[in-house]
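Since the structure comes first, as structure tokens, the remarks are kept for the end.
Laboratory data are not the source of any read-out in this text; all were calculated from the coordinates shown. As the structure is a prediction and not an experimental result, all values here were calculated from the model.
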Amino acid sequence: MNKTLILAKEKIVSLSELQKNPSKALNASIVRIVKNGREIGIFMSKEEFEDLVEEQLTLKEDFEKELKKSIKKSKKEKNESLTAIL
């Protein structure tokens with residue numbers, strides 16, 4: 001998901017606002033909860049959480065593929081270098 005879109009859905013509320021009126025405070029897809037100016041938690045909708053997990057899994061799979069290709073290429077180049085020396 002585009003980072004700009006995520007930030008557009010985000011809302012920041014204080015802990016006291018959350019305690020006074022939870023339904024109003026949590027009326028966004030992503031809510032950052034702050035106490036004394038420090039972020040203490042994040043609330044996100046089930047859909048946002050599922051999207052985040054799916055995106056992380058996709059990134060992990062892509063990373064693992066690229067890593068395997070890089071290792072394979074490195075081994076091949078090392079073998080070619082050794083062959084050239086011999």
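Is region 45-86 rounded, prolate or oblate when judged by the Cα gyration tensor, a ≥ b ≥ c being the square roots of its eigenvalues, rounded requiring a/c under 1.5 and prolate requiring a/b larger than b/c? Prolate shape, in that a/c is at least 1.5 and a/b is the bigger ratio.
Extension gain for Ile71-Asn36 works out to 7.8 nm (0.36 nm per residue, less the C-alpha to C-alpha distance). Checking the Cα-Cα distances for Lys24/Lys60; Lys20/Lys46; Lys11/Lys60; Lys9/Lys60 against a 32 Å cut-off, the pairs over it are Lys24/Lys60. Between Glu10 and Lys78, full extension at 0.36 nm per residue minus the direct alpha carbon distance yields a gain of 19.6 nm.
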